[in-house]
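The values are calculated or read from the model by the stated rules, or taken from the named source; none is laboratory data. Predicted, not measured: the structure shown is a model, and the values here were computed from it. Ideal geometry is used to build each Cβ from the backbone, glycine not excepted, and the neighbour counts take in all protein chains shown.
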Amino acid sequence: MIYYIGSLLLIAVGLYAVLVKSNLIKIIIGLNFISSGVNLLIISVGYINNGTAPIFSRLGLNPNTMVDPIPQALTLTAIVIDASELALAVAFVVLLYRHYKTLDIKKIRSLKW
């Protein structure tokens, strides 16, 4: 239960940063918080207390106590995608800063081409 609360708290903090903050770096950090919260939520859905890895199923263990490997694989894939998304977002922020000399999204939006 604590994992669900923690993941929802991470998602809420990330949403707050994305919706309220005007600094682009803080918005990127908020997106990272959201993705970490979603990853924690996916892992906690597949978690079983005192569960065993499914590779040890030949030992005659109860199949109800085996952990589902699908959420773990999905989370590993999501972590790789999040890392590349973060790198791309930081690259865009660097380019925006070089062009406009500011990281404030309100100032960038107010500028005309």
Pairs where the first residue, in the range 8-23, is buried (at least 16 other Cβ atoms within 10 Å of the Cβ) and the second is modelled with pLDDT of 95 or more and basic (Lys, Arg), C-beta under 7 Å, 6+ apart: ALA17/LYS26
The range 50-74, subset outside any helix (DSSP H, G or I), surrounded by fewer than 14 Cβ atoms within 10 Å (Cβ to Cβ) and small (Gly, Ala, Ser), residue modelled with the lowest pLDDT: GLY60
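Would you check which residues across the range 29-56 are under 11 Å from the mean Cα position of the chain (by Cα) and among the hydrophobic types (A, V, I, L, M, F, W, C) and list them? Reasoning before the result, please.
Of all residues in the range 29-56, those under 11 Å from the mean Cα position of the chain (by Cα) come to 29-42.
Within the range 29-56, ILE29, LEU31, PHE33, ILE34, VAL38, LEU40, LEU41, ILE42 qualify.
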From TYR100, TYR47, residue being under 22 Å from LEU9 (Cα atoms), surrounded by fewer than 15 Cβ atoms within 10 Å (Cβ to Cβ) and modelled with pLDDT under 95: TYR47
